[in-house]
Structures are given as C-alpha cells and as structure tokens.
Amino acid sequence: MNPLLLAVFLALLTSVARAEAVSSQPVSSQAVSSQAVSPQLVATVAGTGVLVDEFVYIARKAIQARFYHGQIPEAELRSYQRELLDELVDSYLLAEEALRRGLAADMTKAAAAVQAFDDSASGQPGWVEARAVWLARIEAIEVRASLQALLEEQVRAAVDPSEAEVLAYYQKNLEKFVTPEQQDVSTILLKVEPSSTTEVWQQTEQQALALKLELEQGADFEELAEIHSGDASAIAGGAMGLMHRGLLGGEVEAVLEALVPGQIAEPLSLLDGVALLRLNARVESQQRTFEEVHVRARGLLTRELGELAWKALRFRLRSQADVVLNEELLQKMGV
C-alpha cells in the first residue's frame, strides 16, 4: 500500500468502533429519516447510508492521485471534494441500476483488491480489530466500481447512430475533417554541440553560408545533405517530407513562412547546430469528403452520443433518487 494511503487508513481505524454502529443498511434500521442524516453519514442514497469513513478513504486516495505535485489550492480542493462526493453518491445509484439490468460484478477482481488491501494492512496497529469491517467495506467499494464500469460499457455500446445521423454530424462539423496545410521541407543540419565555443558556432555558420552559395550556383541539395547533414533526414537527401504547419516550432516556422517554394533560407542557428532550410512546396488545407472520413465521423459521433447517454442516465437516476447530504458534517469537514 502506498505510504500515504496507509497513513490515511490507520487514521481511519480510530473511527472503526463508531463506524461499526452505522452500516450501509436501509435507513430505517438506523433511525434516519429522509429529511435528516446521521452525524456518522455523509449522505443517504435511496435509503442507504454512506459512511463518512468511506468518503474520506476514497477522497484521500483520489486527491493524492490528482494533486501529487504538491500544495492544493483550497478552492480547488473544495470543488474537487464535492465532485468526489457526487461520484460516490452516483456509484450507489449506478450499481443498483446495473443489478436491476442483470449485470454481475467481477468478483474475482474484487477479491484480488480485497486481498491486496489485507496484505498491505496486515501487521499494522489496530488491524486485527478492524479487519472484518474494512475488508467488507473495500469489497463493497470494488463491487460497486465493477458494476458501474459494466453499466457504462453497456450504455455506450448501445449507441448506434444511423447513416443519416453520421452524415448530418459530418456536415455540421466540417472543420473536424480538414487536412491541415502542410509544408514539404528539406534541411542540411551542420551539427554543433550546444556547449561549443562561440568560435565553433561562427565557423559552422560560415560553412553553412558557403554551402548555401554552392546551392545557389547549382549544386545538388540532396547530394550536399547526404555528405554534410547531421540530421536523420540526411539518408533521404535532407527530405523531411510533408509536415503540418506549426510542427517545427516557432522560429523555424517563421523562417519557412517567408519562403516561396524552391527557396533556401539563410543559415539558422538552432539548439543542436546550424540549419539550411529549403521549402520544396506548400500543400493547402483540404476539406475531406464524407466518403473519405466516414469511419472517423461515425467513431466521433458514437463516442459523443455515448457520453451523452451516460450523462443522461446518471442525471435521471440522480434526479429520481432520494438523496440527502449531511451538509452540517460536510461543512465541518471543509467539503
């Protein structure tokens, strides 16, 4: 177990005795009405209590993964904690919907996660007393996650747009199906170690100017590239091929922008040497036909419709469920 997660777990062990008194059973067995939530619960979802310890465990784990780089802005942390709470509440509703549809959780995967947790926590202070409660809790979390994943897969797989819908999507989003402007570029790169002296750089620039003069007098660019260039393109006579505009970086792009096809630029000092660049040709951006991009258009539309279907299901389940958040407790927790 990750050391930080283990520390979180050990901190939560102190509340196990209290948590054992509040299970995820129907609220009727916990004397919690639809208008009030037990102080030991962060929420009730369709009559089922959501333990504060479960939320803390899941939230700490997610926060560590997202903000591993360091200090967390307070406003961003609060917002993310609310997002995690919403996801936790939804997980209960989605798991119930999955079971209603006859889906079954991957118990082998859940058991493996439980075993891994058990192995990591074994030998820690308080684990013997807390083991049964926490292993059941981890299993429940894993089962819900499995059911949610299966349900999402089913919902997205059910999306099958018609040909008319795919065509309409293409026509509405023509900008997504454009081949960007490209440039056919060749180069001769005279390699220089970045740490070289000013004198070495100046000598290399003079060599580049001499090569440019040879080219202007009729020398073969490909032949000189094969002899002098330290770039990987040397084997192909310096040909870098068609490259989308913007791919070569600002400084190089600015130089190419000023050239006309067939023109060779003045020597350009780069990080790893001095380059001679030749613009061979420009290929204007082109609108791809529907026939050319049919498969991609269908894939994009299917993914977008799948996302909409998944969000719609979550919204419907949430809007129809009796969900009560323990705002008083959440405020104290800074959520």
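Does the stretch 219-239 contain at least one residue that is within 18 Å of Pro180 (Cβ to Cβ), within 34 Å of the chain's Cα centre (by Cα) and surrounded by 13 or more Cβ atoms within 10 Å (Cβ to Cβ)? Outline the logic, then answer.
In the first step, residues of the stretch 219-239 are kept if they are within 18 Å of Pro180 (Cβ to Cβ); the result is none.
No, the stretch 219-239 contains no residue that is within 18 Å of Pro180 (Cβ to Cβ), within 34 Å of the chain's Cα centre (by Cα) and surrounded by 13 or more Cβ atoms within 10 Å (Cβ to Cβ).
Surrounded by 15 or more Cβ atoms within 10 Å (Cβ to Cβ) and in a helix (DSSP H, G or I), is that true of Leu151? First the steps, then the outcome.
Numbers: surrounded by 15 or more Cβ atoms within 10 Å (Cβ to Cβ): yes; in a helix (DSSP H, G or I): yes.
It is true that Leu151 is surrounded by 15 or more Cβ atoms within 10 Å (Cβ to Cβ) and in a helix (DSSP H, G or I).
Per-residue answers, yes or no, for (1) assigned to a helix (DSSP H, G or I); (2) within 30 Å of Gly47 (Cβ to Cβ); (3) under 26 Å from the mean Cα position of the chain (by Cα):
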| position | (1), (2), (3) |
| --- | --- |
| Asn280 | no, no, no |
| Val295 | yes, no, yes |
| Leu313 | yes, yes, yes |
| Lys332 | yes, yes, no |
Of all residues in the stretch 270-308 being among the polar types (S, T, N, Q) and surrounded by 14 or more Cβ atoms within 10 Å (Cβ to Cβ), the one that is nearest to Pro194 (Cα to Cα): Asn280
Taking the stretch 256-269 and the residues there that are buried (at least 16 other Cβ atoms within 10 Å of the Cβ) and of a type in the set (A, V, I, L, M), the one that is farthest from Ala232 (Cα to Cα) would be Leu259
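Here's a check for you: in the stretch 288-335, which residue that is β-branched (Val, Ile, Thr) and modelled with pLDDT under 95 is nearest to Gln154 (Cα to Cα)?
Residues of the stretch 288-335 that are β-branched (Val, Ile, Thr), as a first pass: 289, 293, 295, 302, 323-324, 335.
Next cut, modelled with pLDDT under 95 only: 323-324, 335.
Values: Val323: 25, Val324: 28, Val335: 33 Å.
This residue is Val323.
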Any residue in the stretch 196-214 that is at pLDDT below 95, under 37 Å from the mean Cα position of the chain (by Cα), outside any loop (DSSP other than H, G, I, E, B) and not aliphatic (A, V, I, L, M)? no
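Tally time: how many residues in the stretch 45-71 are more than 24 Å from Leu135 (Cβ to Cβ) and modelled with pLDDT of 75 or more? So that I can check it myself, show each step before the final result.
Keep residues of the stretch 45-71 that are more than 24 Å from Leu135 (Cβ to Cβ), which gives 46-47, 66-71.
Okay, now just the ones that are also modelled with pLDDT of 75 or more, so 46-47, 66-67.
Of the residues in the stretch 45-71, 4 are more than 24 Å from Leu135 (Cβ to Cβ) and modelled with pLDDT of 75 or more.
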Which of the residues spanning the stretch 119-128 are part of a helix (DSSP H, G or I) and loosely packed, with under 13 Cβ neighbours inside 10 Å? Asp119, Val128
Taking Leu248, is it farther than 30 Å from Val42 by Cα, in contact with a Lys or Arg (Cβ under 7 Å, 6 or more places away or on another chain), touching a residue at least 24 places away in the same chain (Cβ under 8 Å) and among the aliphatic types (A, V, I, L, M)? no
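The values are calculated or read from the model by the stated rules, or taken from the named source; none is laboratory data. Computed from a predicted structure; not experimentally measured. Positions of Cβ are generated from backbone atoms using ideal geometry, with glycine treated the same way; all protein chains shown enter the neighbour counts.
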